[in-house]
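The values are calculated or read from the model by the stated rules, or taken from the named source; none is laboratory data. Keep in mind it's a predicted model, so treat the numbers as computed, not measured. Here the Cβ positions follow ideal geometry from the backbone for every residue, glycine too, while neighbour counts run over all protein chains shown. For accessibility, only protein heavy atoms count, side chains too; no ligands or nucleic acids. Shrake-Rupley method; radii C 1.70, N 1.55, O 1.52, S 1.80 Å.
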Amino acid sequence: MFQRGPEYMRKTANMVLDALLQAVREGYADKPLHPDDLARIVDATKASTDLDHFYRASFDELQRVAEDDSHRTTRINAFGRLVVHPLSDHFEAGRLDRRLIGNFFFFVRSLFGDRVEAFADEANAVAEEYRARGELETWDAFYADPRMKRIYYQVMARVVRAFKVFEARRDWVMKVMQHDPTNTALSSTVYVQGNFDGEAMPFGPREFFLFFDSLIRPLRDLQGEDKALFVEVVGEEPIAMVGDFLMEMTRVKPAD
């Protein structure tokens, strides 16, 4: 969601379309344009060498954008790992689909906007510190770092507060989490179905409970330095912050 590649491709395509429009205006300024005429102009544009320099320059720029996007993805990866790390066992056991991470990340970005970029920068910087010392094999030290706990507490507190009107927020979040990332939106109503080897994105009441209860419930039992850090960051005691949310989660817990 942060990549600039699609944005640059749109810019490039728009420039080609502008060139095509200019050709139409020059050739048909004072007469009607028949679809067959437009087809001939398009075919001529496809075969023309006049745009070769533009295509080469665009390709070079797209490579630079792709490299930058790769770096940005690495940054986001550290933050993404941080905000879902309590779910690792569920992902490993197949109780939750890893594709849900991207949808949850969209939800988090809807809450924080561009602040996510700052979180990602800080998380990546800390991850690089541990990587340089050879301490990033399991990521445990990264998750335990007080700097990362500060970010994690901020994110989880904002998630809980977003559920103030629980039912309405739950319905919206379930729709977000059910989004199939293999579908590409061409407009608000047109989608291209991508190749997908498996079942549709599973996120019903069971997955909702497992996902959000697993993220939030451990905060209730914070003790010692972790509890003090939570109060410092969030401004409330953990039990006061998450109590109502967990009560609602218990109420909607599916039967075993």
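General observations
- Whole-percent pair-distance distribution, where bins are 5 Å wide, for the alpha carbons of segment 90-183: 2, 11, 17, 19, 22, 16, 9, 3, 1, 0
- Legend: residue pairs Lys11/Lys149; Lys149/Lys253; Lys11/Lys164, Cα-Cα distance threshold 32 Å; pairs beyond threshold, Lys11/Lys149; Lys11/Lys164.
- Phi angles of segment 153-169 translate, via the Karplus equation with coefficients 6.51, -1.76, 1.60 and θ = phi - 60°, into HN-Hα couplings of 5, 4, 5, 5, 5, 5, 4, 4, 5, 5, 9, 4, 9, 4, 4, 5, 5 Hz per residue; Gly and Pro are given as x.
- In this simple spin-label model, placing a label point 7 Å from the Cα along the Cα-to-Cβ direction at both Val176 and Phe106 gives a separation of 1.0 nm.
- Residues Val165 and Phe54, FRET efficiency given R0 of 51 Å [Cβ-Cβ distance, rounded to 0.05]: 0.50
- Efficiency of FRET from Cβ geometry, Phe209 and Glu237, R₀ 25 Å, rounded to 0.05: 0.55
- Share of carbon and sulfur in the accessible heavy-atom surface of segment 95-159 [1.4 Å probe, %]: 51
- Each label point was placed 7 Å from the Cα along the Cα-to-Cβ direction; for Asp256 and Asn14 their separation is 5.7 nm.
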